[in-house]
């Protein structure tokens, strides 16, 4: 039951570090952190009420990142009480790093993710590199394939590779990496990853990434396993155009698991794109005034192996501070057609700031989710037509250190009503 004590340990640590977080007087030792205490409850039709508690601690200490030795910790523990209860420990980040502006060498060891360099997700191991100049760096990594769920580590599942990264002015970014993943002494994946974000004179922004397989057992037609391109054009202050194209694996399992582990109330709308080998589309946005925004979007998606095509039109908009009331409203409607398309759906939302208190409410008529099964490596989509959802959120910053958030969701379907409750207390400095 060592993991079951982690929530208490995190709480005790937070009590001691909270008064110290962010104190400018401690020049020789930097300490910054946050503590989150969550409660999540659910009541399903004809099923007893279930709930879980969660404690999360985020710390950055010794020095600021990039200014010497830095220790980063980001851990969570979830406890579900009761006879059928469980305890789950998660480790997002636990790394010791060294980096200084005047030093060309840098390294990091521990549990980390390498999305911004190698694009490989979680790694339990080490990374080291050399700065060619203030913008360019090269490096390499070695370690085990890991998950944020710390009890899922397999010792014979490891990966290594090399990368280079460029960080320029105005947000320019480019990364290129060679990655090798091995399992039980055999090559599972061997691929090149490239990603970029390139703004051009504040008119055009390009973002994209690709993965190209190098392993000998991959057919030539499948070597370009993933490509994603997103381009935004702002020809005028009131107009912007967004074009996108993707092909290959649409669902990033590493990032999906990471996001879901951090937010148990996250509802997965628009999951259709994750199950298609290609998708492309265009969105046109128009802003007639500073407070009103309208958009229309067209999306085509295709499962090439099964020759299944879907077509989607989406219309939406938002209006802020209506009649100087402080209310902002959002709305969208999606018309989906195709062999296995999602149902037509709509979303309505409203928000209001009452001084320091923020209120949000929304209503929609569809629900999508992903369920991971032990019997299959691929996720299963959960889609319920005309599944009406009402949600409301309140966020209250009590002072500069404490804040609280409360959320309620009501899912309405014939003979299957559900109630979800979520409360979070935040302590940070």
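Answer yes if at least one residue in region 209-225 is buried (at least 16 other Cβ atoms within 10 Å of the Cβ) and under 30 Å from residue 285 (Cα atoms), and no otherwise.
yes
Could you tell me which numbered condition residue 132 fails, if it satisfies all but one of (1) at pLDDT 90 or above; (2) surrounded by 14 or more Cβ atoms within 10 Å (Cβ to Cβ); (3) more than 30 Å from residue 236 (Cα to Cα)?
(2)
Output the number of residues of region 76-97 satisfying the condition of being within 23 Å of residue 33 (Cα to Cα) and buried (at least 17 other Cβ atoms within 10 Å of the Cβ).
Final tally of qualifying residues: 13.
Name the residues in region 1-59 that are more than 27 Å from the chain's Cα centre (by Cα), within 16 Å of residue 85 (Cβ to Cβ) and at pLDDT 70 or above, would you?
Of everything in region 1-59, those that are more than 27 Å from the chain's Cα centre (by Cα), within 16 Å of residue 85 (Cβ to Cβ) and at pLDDT 70 or above turn out to be 47, 48, 49.
Mind counting the residues in region 175-186 that are in contact with a strand residue (DSSP E or B) (Cβ under 6 Å, 6 or more places away or on another chain) and surrounded by fewer than 16 Cβ atoms within 10 Å (Cβ to Cβ)?
Qualifying residue count for the region: 1.
When you scan region 63-173 for strands (runs of 3 or more DSSP E) that lie fully inside it, which ones turn up with 2 or more residues that are in contact (Cβ under 8 Å) with a residue 40 or more places away in the chain and touching a helix residue (DSSP H, G or I) at 6+ places or on another chain (Cβ under 7 Å)?
By residue number, 68-80, 86-99.
Considering region 202-248 alone, what residues qualify as being part of a loop (DSSP other than H, G, I, E, B) and under 28 Å from residue 317 (Cβ atoms)?
Across region 202-248, the qualifying residues are 202, 203, 237, 238.
Condition check: in contact with a strand residue (DSSP E or B) (Cβ under 7 Å, 6 or more places away or on another chain), modelled with pLDDT under 90 and not in a loop (DSSP other than H, G, I, E, B). Does residue 189 satisfy that?
Answer is yes for this residue.
The values are calculated or read from the model by the stated rules, or taken from the named source; none is laboratory data. Note that the coordinates shown come from a computational prediction; the quantities given were computed from them, not determined experimentally. Note that we place each Cβ from the backbone using ideal geometry, even for glycine, and neighbour counts take in every protein chain shown.
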